[in-house]
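Student: So that we are looking at the same thing, I have put the structure below in structure tokens.
The values are calculated or read from the model by the stated rules, or taken from the named source; none is laboratory data. Only a predicted model underlies this, so the values are computations on that prediction, with no experimental measurement involved. Cβ placement follows ideal geometry from the backbone for every residue including glycine, while neighbour counts extend to all protein chains displayed.
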Protein chains: 2
Amino acid sequence: MSELLKGKPVADAILARTREGAAAFYKKKGRSPKAAIIRVGARPDDLAYERGIKNRAAQTDVEIDVEELAEDVSREELLRTIKRRNEDAATDGILLFLPLPDHLDEQEAVNAISPQKDLDGVSDASKLGVYTDSGIGNPPCTAQAVMEILAYYKVPLSGKKAVVIGRSQVVGKPLAMLLLKQNATVTICHSKTHDLSQETRQADILISAAGRIGMVTGTDVRDGQTVIDVGINFDSAGKMKGDVLYEEVADKVDCLTPVPGGVGSVTTAVLLSHLLH
Amino acid sequence: MSELLKGKPVADAILARTREGAAAFYKKKGRSPKAAIIRVGARPDDLAYERGIKNRAAQTDVEIDVEELAEDVSREELLRTIKRRNEDAATDGILLFLPLPDHLDEQEAVNAISPQKDLDGVSDASKLGVYTDSGIGNPPCTAQAVMEILAYYKVPLSGKKAVVIGRSQVVGKPLAMLLLKQNATVTICHSKTHDLSQETRQADILISAAGRIGMVTGTDVRDGQTVIDVGINFDSAGKMKGDVLYEEVADKVDCLTPVPGGVGSVTTAVLLSHLLH
């Protein structure tokens, strides 16, 4: 049986760090750090995410302001709201819930967020920061959550072979860049990869961000590996499942993140920690 | 003996394409496309590069203007020159020779170049364009020269395994992004990679951009491979050498680019082709 790399202690450590940072911030500025959530409409998953953030924030002495905009908000009002928060000295970070309704231009909206306040690394400036390692902006929270888990559990990366399944702008590509920065040898696999098992079996660290149940099976892994499951999928019974077939993989590899309770449980803590970046 | 993937026919094909583009451009606008070279000082290697560009340009009905600035030009005058060329409707592309003298801020200068006119993909906007595949700006010429060689010689990429040695912002990283876009499975190796030979021997396409003579030896390759040598190094006798030990590698692999006469001979043609992007 492999070691389970649970997200909770990682999240707790990030939250403790953030709480300390928030206390130092308060001492210096006489107020708590504050994040603005900009939510268009009231989709149930947005509301659930918002509740999660508020719960975490309460543990870290971080303030959350929610700007609730109507489902049919105009482009101009959305941009005005973002601009106001960019310019507000008492707002330290901005999180725009995505996706936006179809009538709004998502690219335009995310790029309106000041890179200094871009909590989820969605703006072009943040993307460029990850690609060029300039320190500007933030990496996407999910990609950084993976790095936080690896760091917390002291998984060595320098000179090791990391294989990433998925090449999205939100997880796969930024993760490859972050792993490269830590001196891992990085392979990026995707739907067109010829012999995926051969690639994945060579990994010291295997990270699946494909978004498909059963992407990683028992034949794709071997002992000695650390497997990070970024997938959040739902089976026909509505049960949350990762990309990794847990029953087949857990007995073979050294370490594995569960789903739920793995990467997903760390992202909100990472988001709040970005307030103090 | 492997097939030699010479740069000349690739460059010729790009130049022919560019000449056609320039003719269509002339027909539409009543003038030839024009590139501005901005050169600070008169370093011998800059002058040699400039001569090369002018020779190529003469073959393609493309105009070259050289802005020669004094070695001790002020920051303000350099930025003014770039801005003037950005705004000049009769200048279609800008190439700023690098490195700049120490008293100038290179980052600031390259980012002053409008992405639409950024012939060598040096600005942040061009880098972001490569990373996010947005189509804005241009990839760095050397990285694109590699892709042009692979395309010209019809080397299949989709689903194939490409291994890149080097993670620089100028070659390694953008090349990885361009290969990924063509659906290759991409591995990025570097100085910290644990067992380089094991990585390189698995490649269908091996690209060395390490800048070190002998980076790729006979034990690093196998038959069936295409090897692209991006290195431009000089041995103790002053002779130009690639990263690949030609004598050891040429007999083992299927295809190999020579140095000189390989990638380096394609970059200037790529540069001019960017005028018509």
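Student: Would you pick out the residues in the stretch B:149-167 that are outside any strand (DSSP E or B), under 21 Å from residue B:220 (Cα atoms) and at the interface with chain A (Cβ under 9 Å from one of its Cβ atoms)?
Tutor: B:160, B:167
Student: For residue B:129, are the conditions met, namely being assigned to a helix (DSSP H, G or I), out of contact with any Leu (no Cβ under 7 Å at 6 or more places or on another chain) and of a type outside the set (Phe, Trp, Tyr)?
Tutor: So residue B:129 passes the test.
Student: Kindly evaluate residue B:23 against the criterion of being under 30 Å from residue B:73 (Cβ atoms) and surrounded by fewer than 17 Cβ atoms within 10 Å (Cβ to Cβ).
Tutor: Taking the combined requirement at face value, the residue does not satisfy it.
Student: If we scan the stretch A:190-200, do we find a residue that is assigned by TED's automatic domain parsing to the domain that holds residue A:230 and either touching a residue at least 60 places away in the same chain (Cβ under 8 Å) or closer than 19 Å to residue A:145 by Cα (or both)?
Tutor: no
Student: In the stretch B:200-218, which residue that is part of a helix (DSSP H, G or I) and surrounded by fewer than 24 Cβ atoms within 10 Å (Cβ to Cβ) is nearest to the other protein chains (Cβ to nearest Cβ)?
Tutor: B:201
Student: Checking the conditions here, which among A:14, A:37 is surrounded by 18 or more Cβ atoms within 10 Å (Cβ to Cβ) and closer than 24 Å to residue A:83 by Cβ?
Tutor: A:37
Student: So in the stretch A:168-188, with the set limited to residues that are in a loop (DSSP other than H, G, I, E, B) and either within 14 Å of the chain's Cα centre (by Cα) or crowded, with 24+ Cβ neighbours inside 10 Å (or both), which one is farthest from the other protein chains (Cβ to nearest Cβ)?
Tutor: Per the criteria, the residue is A:171.
Student: Here's a follow-up. Take residue A:23 and tell me if it is in a helix (DSSP H, G or I) and either more than 28 Å from residue A:128 (Cβ to Cβ) or modelled with pLDDT of 95 or more (or both).
Tutor: Yes: the conditions hold for residue A:23.
Student: If only one of A:124, A:133 is on the phi > 0 side of the Ramachandran plot and of a type in the set (Asp, Glu), which one is it?
Tutor: That would be A:133, the only listed residue that is on the phi > 0 side of the Ramachandran plot and of a type in the set (Asp, Glu).
Student: Further, regarding this structure: Given the conditions (1) closer than 27 Å to residue A:134 by Cβ; (2) in a helix (DSSP H, G or I); (3) without any contact (Cβ under 8 Å) to a residue 12 or more places away in the chain, report the number of the one that residue B:48 does not fulfil.
Tutor: (1)
Student: Looking at the structure I just gave you, is residue A:197 within 11 Å of chain B (Cβ to nearest Cβ), surrounded by fewer than 22 Cβ atoms within 10 Å (Cβ to Cβ) and hydroxyl-bearing (Ser, Thr, Tyr)?
Tutor: When the stated conditions are applied, residue A:197 does not pass them.
Student: Here's another thing I want to ask about it. If only one of A:156, A:101 is in contact (Cβ under 8 Å) with a residue 60 or more places away in the chain and surrounded by fewer than 16 Cβ atoms within 10 Å (Cβ to Cβ), which one is it?
Tutor: Just one listed residue meets the conditions, A:101.
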